[in-house]
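The values are calculated or read from the model by the stated rules, or taken from the named source; none is laboratory data. Values in this document were obtained by computation on a predicted structure and should not be read as measured data. Ideal geometry is used to build each Cβ from the backbone, glycine not excepted, and the neighbour counts take in all protein chains shown.
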Amino acid sequence: MTLKKRLRKYFIMGSQDCGKRKPEDILREAIRSGITIFQYREKGEGSLSEKDQLELGQRLRNICSEHHIPFIVNDNLTLVKQLDADGVHVGQNDTPVSIVRDMFPDKIIGLSISNKVELEQSSLEHVNYVGAGPVFQTMTKPDKKPVGLEWIKTLRDLHPKLPIVGIGGITSHNAGQVLEAGADGVAVISAIAQARDIHSIVNKL
Ligand code: 3NM
């Protein structure tokens with residue numbers, strides 16, 4: 001499968017996103033329901049200590065391996081190595097992608113790009129895909145101002161072949177607009193992690 005196709009239903013989760021449910025159970029259900037790629041993002045309030053992060057990461061990594069779902073780690077390069085992840089996703093303030101590429105010549109590298117200034121600063125030659133957002137207002141990153149569907153359209157116009165995934169405030173109701181604007185896929189946290197019926201939501205996405 002091409003990376004563009006792999007990005008179609010991109011599920012992101014850490015223990016802090018799961019409420020009372022077990023992350024392992026949510027991931028299994030999401031995979032059964034049809035997600036195409038997974039990112040482990042243990043970050044922010046309620047996230048685990050280093051040791052627990054590694055242990056949960058190992059369990060989630062194994063679930064992805066069993067089901068042939070690419071396993072991406074957010075930002076934490078030590079964890080990428082420890083878990084032998086398939087890829088890593090970094091933001092504008094994380095390790096520069098040129099350095100990440102030197103460390104991991106064969107892994108998938110994703111980079112968040114939210115505007116033209118960030119785009120100009122970014123070394124796209126080291127990147128396999130771009131995360132564009134937040135497309136809509138989201139409680140998961142409440143401080144970041146939404147960039148709207150316009151940013152997806154702009155990025156697509158400037159880079160017709162670039163694999164792009166929209167992120168931020170995406171639900172089963174607005175995912176279609178993100179794809180129509182030019183994204184190859186939609187990345188979601190709460191839409192799936194907090195869904196009462198994961199199967200139905202993943203299907204609609
Ligand atoms: N990154 P939800 S928005 C992790 O814009 C993340 O780069 C964003 O969570 C960005 O699907 C975001 O619950 C939060 O809105 C996505």
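Brief remarks follow.
- Unmet requirement for Lys5, which otherwise passes all of (1) out of contact with any helix residue (DSSP H, G or I) (no Cβ under 8 Å at 6 or more places or on another chain); (2) within 15 Å of Ala195 (Cβ to Cβ): (2)
- Leading residue by the ranking (nearest to the ligand (Cβ to nearest atom)) among those in segment 175-205 that are within 26 Å of Asp25 (Cα to Cα), in a loop (DSSP other than H, G, I, E, B) and free of Cβ contacts under 8 Å to residues at least 40 places away in the same chain: Ala195
- Of everything listed in (1) out of contact with any Ser or Thr (no Cβ under 9 Å at 6 or more places or on another chain); (2) over 14 Å from Ala193 (Cα atoms), the single unmet condition for Gly44 is (1).
- Extreme residue, nearest to the ligand (Cβ to nearest atom), among residues of segment 109-162 that are of a type in the set (Val, Ile, Thr) and assigned to a strand (DSSP E or B): Val130
- The residue that is surrounded by the fewest Cβ atoms within 10 Å (Cβ to Cβ), counting only those in segment 115-153 that are closer than 25 Å to Ala85 by Cα and hydroxyl-bearing (Ser, Thr, Tyr), is Ser123.
- Failed condition for Asp52, given (1) under 27 Å from His199 (Cβ atoms); (2) in contact with a helix residue (DSSP H, G or I) (Cβ under 9 Å, 6 or more places away or on another chain): (1)
- Looking only at residues in segment 4-20 that are in a loop (DSSP other than H, G, I, E, B) and in contact (Cβ under 8 Å) with a residue 24 or more places away in the chain, the one that is farthest from Lys81 (Cα to Cα) is Gly19.
- Checking Ser33, Ser49 one by one, the residue that is over 24 Å from Ile109 (Cβ atoms), surrounded by 14 or more Cβ atoms within 10 Å (Cβ to Cβ) and not hydrophobic (A, V, I, L, M, F, W, C) is Ser33 and no other.
- Only one of the numbered conditions (1) of a type in the set (Gly, Ala, Ser); (2) within 13 Å of the ligand (Cβ to nearest atom); (3) surrounded by 13 or more Cβ atoms within 10 Å (Cβ to Cβ) is not met by Gly44, and that is (3).
- For segment 62-97, the candidate set comprises residues that are more than 14 Å from the ligand (Cβ to nearest atom), charged (D, E, K, R) and part of a loop (DSSP other than H, G, I, E, B); within that set, the residue that is surrounded by the most Cβ atoms within 10 Å (Cβ to Cβ) is Asp86.
- Pairs are defined by a Cβ separation below 6 Å, a sequence spacing of at least 6 or placement on different chains, a first member in segment 139-156 that is more than 14 Å from Ile170 (Cα to Cα) and hydrophobic (A, V, I, L, M, F, W, C), and a second member that is surrounded by 14 or more Cβ atoms within 10 Å (Cβ to Cβ) and modelled with pLDDT of 95 or more; the pairs so defined are Trp151/Ala132; Leu155/Ala132; Leu155/Ile164.
- Considering segment 163-174, the residues that are part of a loop (DSSP other than H, G, I, E, B) and β-branched (Val, Ile, Thr) include one that is nearest to Ser200 (Cα to Cα), namely Thr171.
- When segment 22-41 is limited to residues that are within 17 Å of the chain's Cα centre (by Cα) and outside any helix (DSSP H, G or I), the one that is nearest to the ligand (Cβ to nearest atom) turns out to be Arg41.
- Selection count, segment 163-174, where residues are under 15 Å from the mean Cα position of the chain (by Cα) and within 12 Å of the ligand (Cβ to nearest atom): 7
- Every residue from segment 42-55 that is assigned to a helix (DSSP H, G or I) and either small (Gly, Ala, Ser) or touching a strand residue (DSSP E or B) at 6+ places or on another chain (Cβ under 8 Å) (or both): none
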